[in-house]
1. Ignoring ligands, DNA and RNA, how do F60, F86, F118 rank by accessible area with a 1.4 Å probe, largest first?
2. In Å², what does the accessible area per residue of segment 79-125 work out to with a 1.4 Å probe?
3. Quick check: net charge around A39, other residues with Cβ under 15 Å of its Cβ, Lys/Arg +1 and Asp/Glu -1?
4. I'd like the accessible area for R83, computed on protein heavy atoms only with a 1.4 Å probe and all protein chains in place. Round to 10 Å², please.
5. Could you compute how much accessible surface E128 exposes when probed at 1.4 Å, giving the result in Å² to the nearest 10?
6. Report the calculated FRET efficiency for E56 and R94 (r = Cβ-Cβ distance, R0 = 25 Å), to the nearest 0.05.
7. What accessible surface, in Å², does a 1.4 Å probe find on M51, ignoring ligands, DNA and RNA and rounding to the nearest 10?
8. Using +1 on the beta carbon of Lys and Arg, -1 on that of Asp and Glu, and nothing else charged, what's the dipole of segment 41-89 about the Cα centre, debye to 20?
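The values are calculated or read from the model by the stated rules, or taken from the named source; none is laboratory data. Just so it is clear, the structure is predicted and the values come from calculations on it, not from any experiment. Cβ: placed from backbone, ideal geometry, glycine included. Neighbour counts: every protein chain shown. For the accessible areas, the whole protein counts, side chains as well, though only heavy atoms, and no ligand, DNA or RNA atoms are used. Shrake-Rupley method; radii C 1.70, N 1.55, O 1.52, S 1.80 Å.
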Amino acid sequence: MKRALTPLILILAVLACGCTAGSPAGTPPVPSAAPAAPALPEMTGTWTGTMQGYEEGTGFTDYAGATLAMVVDEQQGRIFSGRLLFKANGTTGRTKDFAGAIGRDGRTLAIVEQGGGFSSGSIVSEGEIELTYLHDSPPYGIAVDSLKKV
């Protein structure tokens with residue numbers, strides 16, 4: 001009985017090895033494809049929109065009558081720069097220079113502003129971004145900026 005069982009086990013082992021082989025004999029294995037890098041978004045141009053936030057001493061605000069324009073003048077790869085224009089009742093009140101970076105995922109943003117403050121955010125669609133602005137020195141504040149490309 002042992003003599004008959006040994007060849008049977010050997011045959012089953014050979015069959016099992018043949019069934020689990022990755023590719024037929026003589027065929028090179030197919031390399032797995034590397035994930036494609038996300039398309040780099042084009043940030044240059046003018047983005048405009050509204051803001052909602054909270055400011056120390058003021059409280060919650062929707063910045064009634066105020067708009068924000070983010071003008072991106074230059075972009076080299078994932079880095080971009082420009083200026084922010086804060087308008088109240090159609091008149092530009094304040095301008096700040098900024099620099100930003102696009103995350104490796106091609107969808108996240110980080111921005112630092114001249115004179116303090118920074119934003120993080122995401123690209124919602126090809127023509128829309130959302131930023132969360134933070135300023136930690138007195139008076140501290142936070143705002144959500146929803147911007148669309150003009």
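1. Values: F60 180, F86 40, F118 100 Å².
Final ranking, largest accessible area leading: F60, F118, F86.
2. Details: 2530 Å² over 47 residues.
Per residue, segment 79-125 has 54 Å² of solvent-accessible surface.
3. Working: positive: R78, R104, R107; negative: E42, D105, E126.
Local charge sum for A39: 0.
4. Accessible area, nearest 10 Å²: 80 Å².
5. 60 Å²
6. Approximately 0.90, to the nearest 0.05.
7. Estimated to the nearest 10 Å², M51 gives 20 Å².
8. 100 debye
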